[in-house]
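J.: Can you read through this structure? Questions will come right after.
Please treat every number below as a calculation from the coordinates, not as lab data. As the structure is a computational prediction, the values presented were derived from the model and not from experiment. Positions of Cβ are generated from backbone atoms using ideal geometry, with glycine treated the same way; all protein chains shown enter the neighbour counts.
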Amino acid sequence: MSSLGEYASAGTIKCNKLIAESIDAPSLNSQIYGSWDLSQNQPAAIIPTAISGWESVITPNGITLNGGNTFNVSQIGIYNIQVVLQATNISSMDIADGSITDTLGINYTGALHETIGGNSHLEDIQLCFSSLVQITNIATGIQVKGFISASANTPVWSSTYSNISIHKIA
Amino acid sequence: MTSLGNYASASVLKCNNMICNTLTANNLKSIYGQFELSQITIAVGTFTTIGNWIPTTLVKGVSVQPGTTGNEKFYVSEAGVYEIHMNLWAAQGATDITRMESRLKLYPYASVFAGSLTKVGTAADITEFTQNNTAHIEITDPLNEYFEIEAKVTFTSNTPYFQTAYTRVFIKKIA
């Protein structure tokens, strides 16, 4: 590695236009990302519970999955998180609920589908939601929680389309 | 243009703080695109690629090319990781939509990268709704890899279609 000589010690270097083949600058934040889906259908709890069983769709960069349900990022910053949950049951579901939370217990956002009387005949529903999450301590993990209420059968979070994508934007 | 003199040929230069009015880096190019439907598009009960996509004014380095059903093949100009969002607004005259499924497929592998499914066992008076999908995909061969959006809608009568007002595709290179 070469330094900028006398300019390296300057607090700020200013130019009007910089052309480079490759720039690695932590402040630009465009290189931390990951996308995961479920490796198999996951049984849905009846109270909000962190969903497990994620597997990477593309090779993640700067994000690790721990304990099957917790995403830890390598840098503090602001992350754009997008979630699609597919709730499935053989017969109708009354409530399907999903949310983006962290390991500190903060609930950022979510989606809810609820019907009255358990006679909706709803067999598949998507919950699609997104949030910006500021991570100030990389020990704080991101989780997706969910629950399903159904009058019969065993509802699951389907592996077909359930997905989470995380991307650092600042 | 002023060069960095002896340092211009160095493979790596490091500084703590740099301010630039314009920054051009081949690995950080802005590549993005927003596309919409040129007309309402008929939906059928088997998976069919949605055509009729047209670019909005917000397009750079992304294009849609013709295929068997219309303008349907999304190509990007550079290899990298892309974030894709889809909003599909399905409408049906006055009777029930009983199932809608949409998905993103990466070709030439025909791999499914994202999708959504809404299904009711018995008619439930759904006449319109919007389905959203999101995905990250990695393009390694931008000349030969492209993606398409497929959907199918089942219903009790009439002919469902995708509305133009809210149906969109958003593409952004993120790495």
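J.: Report relative contact order for region A:28-168 in percent, whole number only (criteria: Cα-Cα under 8 Å, sequence separation at least 6).
T.: Numbers: 387 pairs, mean separation 55.3, N = 141.
Computed over region A:28-168, the figure is 39 percent.
J.: Ranking A:L85, B:L143 by Cβ neighbours within 10 Å, fewest first, what do you get?
T.: Ascending number of Cβ neighbours within 10 Å: B:L143, A:L85.
J.: While we're here: Calculate the FRET efficiency for B:N144 and A:T49 from the Cβ-Cβ distance with a Förster distance of 51 Å, rounded to the nearest 0.05.
T.: Numbers: r = 42 Å, r/R0 = 0.83.
Plugging the Cβ-Cβ distance into 1/(1 + (r/R0)^6) gives 0.75.
J.: Do any of A:K14/A:K168; A:K17/B:K105; A:K168/B:K119; A:K145/B:K60; B:K60/B:K119 go past 32 Å between their Cα atoms, and which?
T.: On the way: A:K14/A:K168 26 Å; A:K17/B:K105 39 Å; A:K168/B:K119 34 Å; A:K145/B:K60 36 Å; B:K60/B:K119 36 Å.
Listed pairs above 32 Å: A:K17/B:K105; A:K168/B:K119; A:K145/B:K60; B:K60/B:K119.
J.: Right, next: Compute the normalised compactness of region A:28-168: alpha-carbon radius of gyration over 2.2 N^0.38 Å, N being the residue count. Can you show the working numbers first?
T.: On the way: Rg = 15.1 Å, N = 141, 2.2 N^0.38 = 14.4 Å.
Scaled against compact globular proteins, the figure is 1.05.
J.: A follow-up question, please. So if we plug the beta-carbon distance of B:T56 and B:E78 into 1/(1 + (r/R0)^6) with R0 = 22 Å, what FRET efficiency do we get, rounded to 0.05? Working shown, then result.
T.: Working: r = 20 Å, r/R0 = 0.92.
E between B:T56 and B:E78, to the nearest 0.05, is 0.65.
J.: Something else now. Roughly speaking, what is the centre-to-centre gap between region B:71-98 and region B:104-175 when only Cα atoms are used, to the nearest Å?
T.: 4
J.: Could you give the distance between the Cα centres of region A:104-170 and region A:38-98, to the whole Å?
T.: The distance from the Cα centre of region A:104-170 to that of region A:38-98 comes to 7 Å.
J.: Once every Cα of region B:32-173 carries one equal point scatterer and solvent is ignored, give the base-10 log of I(q)/I(0) from the Debye formula at q = 0.14, 0.17, 0.18 Å⁻¹, two decimals.
T.: -0.61, -0.87, -0.96
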